[in-house]
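The values are calculated or read from the model by the stated rules, or taken from the named source; none is laboratory data. Please read all numbers here as calculations on a predicted model, not as lab measurements. All Cβ positions, even for glycine, are placed from backbone atoms using ideal geometry, and neighbour counts span all protein chains on display.
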Amino acid sequence: MVDDHQFTIDGLQVRLADCTDIELVAHASTVADLFAEPAALDLVVLDLRLRDGSSPTGNVEAIRQHGVPVLVLTSGEDPYLVREAARAGVLGVIRKSRSPEEIVDAIRAAVRGEVVPTTDWAAAIDGDPEIDLVDLSPQHRKVLELYAAGETATRVASDLKISRETVNDYLRRIRTKYADAGRPAPTKSELYKRALEDGWLPFPRRRKK
């Protein structure tokens, strides 16, 4: 975890104390300090506004260079920083004001490598004028919707009554379009993020208690 507020770190430790599948193994006030000592990390939970003056983009890129995905946990008071983090390639953005259960569920999903499509992330994307939307044909959209939602290429082919080779060709073309737009999507989870960003898939609604 990278956060320079001890209260937040202590709070997360309390929230994870009863979890048998998640452990807070290291924390630091800067990204550089986190990686100063070797540690096996499956995920970094990152605060956006650090007192060292670092930027969300720089921090996310530095963490991902170590091969570790990022989940942003933020107070969300600065929409620009939230949008910057969303563009940088994080798995999700969640507010510190969310319930302990929601935060733990988000961390658990991110540890599994899953995208965490919260309403906070959706709001950041909706308000981002710099996202270059990709125009897809109706058939490409159908393939993306099914595949990004979790179906295999074989199942997509069966549902749309086309060959598996055609599905894979469409996916290559879709990935090329996103790469050309400066929004690469080399993995299935990245395609899922792009489908959410462009409105091809709906953001999950927040569960009511």
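Of all residues being within 21 Å of the chain's Cα centre (by Cα) and surrounded by fewer than 15 Cβ atoms within 10 Å (Cβ to Cβ) in region 26-48, which is modelled with the highest pLDDT? Just the residue, please. Looking at the filtered set, the residue picked out is 42. For region 84-113, a residue qualifies if it is charged (D, E, K, R) and closer than 18 Å to residue 62 by Cα, and the qualifying residues are 84, 87. Each residue in region 8-32 was checked for being in contact with a helix residue (DSSP H, G or I) (Cβ under 8 Å, 6 or more places away or on another chain) and either within 19 Å of residue 55 (Cα to Cα) or assigned to a helix (DSSP H, G or I) (or both), and 7 pass. When restricted to residues that are on the phi < 0 side of the Ramachandran plot and assigned to a loop (DSSP other than H, G, I, E, B), region 45-102 contains 21. Please verify whether region 49-57 includes one or more residues that are more than 18 Å from residue 90 (Cα to Cα), exposed (fewer than 14 other Cβ atoms within 10 Å of the Cβ), touching a residue at least 24 places away in the same chain (Cβ under 8 Å) and in contact with an Asp or Glu (Cβ under 9 Å, 6 or more places away or on another chain). Checked against the condition, which is being more than 18 Å from residue 90 (Cα to Cα), exposed (fewer than 14 other Cβ atoms within 10 Å of the Cβ), touching a residue at least 24 places away in the same chain (Cβ under 8 Å) and in contact with an Asp or Glu (Cβ under 9 Å, 6 or more places away or on another chain), region 49-57 yields at least one hit. For region 187-199, the criterion of being modelled with pLDDT under 80 and in contact with a strand residue (DSSP E or B) (Cβ under 7 Å, 6 or more places away or on another chain) is met by no residue. Going residue by residue through region 123-137, is there one that turns out to be modelled with pLDDT of 90 or more and within 23 Å of residue 86 (Cβ to Cβ)? No, the conditions are met nowhere in region 123-137. So, of the residues in region 154-190 that are buried (at least 21 other Cβ atoms within 10 Å of the Cβ) and touching a residue at least 12 places away in the same chain (Cβ under 8 Å), which turns out to be farthest from residue 137 (Cα to Cα)? So the residue we want is 156. Taken as a whole, the structure leaves residue 60 outside the set of residues that are within 26 Å of residue 117 (Cβ to Cβ) and either touching a residue at least 60 places away in the same chain (Cβ under 8 Å) or surrounded by fewer than 19 Cβ atoms within 10 Å (Cβ to Cβ) (or both). Reported count of residues in region 146-197, each being more than 18 Å from the chain's Cα centre (by Cα), within 22 Å of residue 112 (Cβ to Cβ) and assigned to a helix (DSSP H, G or I), is 3.
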